[in-house]
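The numbers here are math on the coordinates, done by the rules we state, and not lab data. For clarity, every value in this text was computed on a predicted model and none was experimentally measured. We place every Cβ from the backbone using ideal geometry, glycine too, and count neighbours over all the protein chains shown.
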Ligand SMILES: CC(C)(COP(=O)(O)OP(=O)(O)OC[C@H]1O[C@@H](n2cnc3c(N)ncnc32)[C@H](O)[C@@H]1OP(=O)(O)O)[C@@H](O)C(=O)NCCC(=O)NCCS
């Protein structure tokens, strides 16, 4: 069984495309009947495959901390959709973007994680005008190079999403009410909101052109682990 040492938070970065570590059948078998039914409702294979792999992997990861079979883990859902485990002293959160999924697991308190690919097709100027604070817009405007502006946009996006997810509020927390402090092109802390106070860690993921942020209602000391570490 996996336990926590010096680092109180474990981050997993998993390819949920065809080249992923666990095959489709293995992931499918880890799902509960209701998750399998949800998977069957996807109209497109691409979306079904990603769902099955994203949720199959999270069950395999959590099982390694709980000493139960992946399909036997009972996940409950908060009022705005945040999944949680009530049977064990374990917190987790997950995010997926295209073929990448990230998972955060800890015993230290509520956690939120978000990942976004830099090439996601969104109008960054429009969105930042509507959803980013004046200070964040200023930091973006100061970048003259389009690629750097795009990258900072997504780092900020993941920081905001992680803050929305740490408490489970989701979009009920207005992204304009989250003000993210930036240092050297990375989000480093939350200036707002104060309640509850959340910490923020930008995570550099190897081999992906994207941003990933973790928010915790505690101070995360994290390590990025591989699914192979599960044994
Ligand atoms: C649902 C939301 C919490 C995150 O959604 P998202 O970024 O589209 O999706 P992610 O892949 O990062 O996370 C989804 C996972 O988070 C978890 N989740 C769902 N609701 C959650 C909540 N309220 N709090 C925390 N985690 C939640 C689930 O495990 C979910 O997995 P599933 O959809 O496969 O069941 C919400 O913030 C949202 O809909 N955001 C839309 C994006 C947006 O407009 N952002 C504003 C610009 S900053």
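List of remarks:
- When the Cα gyration tensor is reduced to axis lengths a ≥ b ≥ c, the ratio a/c is 1.5 or higher for region 1-127, and with a/b not above b/c it is classed as oblate.
- Full extension of the chain segment joining residue 143 with residue 184 gains 13.6 nm, where the gain is 0.36 nm per residue of separation less the Cα-Cα distance.
- The chain - share of DSSP beta bridges that are antiparallel (%, nearest 5): 90
- Span from the region 25-52 Cα centroid across to the region 159-186 one, whole angstrom: 29
- Folded to 0 to 90 degrees: helix 146-166 orientation relative to the chain principal axis, Cα: 60
- Region 201-231 and region 55-111 have Cα centres separated by 15 Å.
- Anisotropy class of region 147-231 from Cα gyration tensor, a/c 1.5 cut: oblate
- The length gained by stretching the chain between residue 197 and residue 108 to full extension, at 0.36 nm per residue less their Cα-Cα distance, is 30.6 nm.
- On a per residue basis, the convex hull of the C-alpha atoms belonging to region 94-211 measures out at 107 Å³.
- Peptides ranked, highest mean first, by Cβ atoms within 10 Å: ranges 179-189, 154-164, 45-55: 154-164, 45-55, 179-189
- Rounded FRET efficiency, nearest 0.05, which uses the C-beta distance separating residue 25 from residue 86 and R0 of 22 Å: 0.15
- Its residue count N fixes a reference of 2.2 N^0.38 Å for the chain, and the Cα radius of gyration divided by that reference is 1.01.
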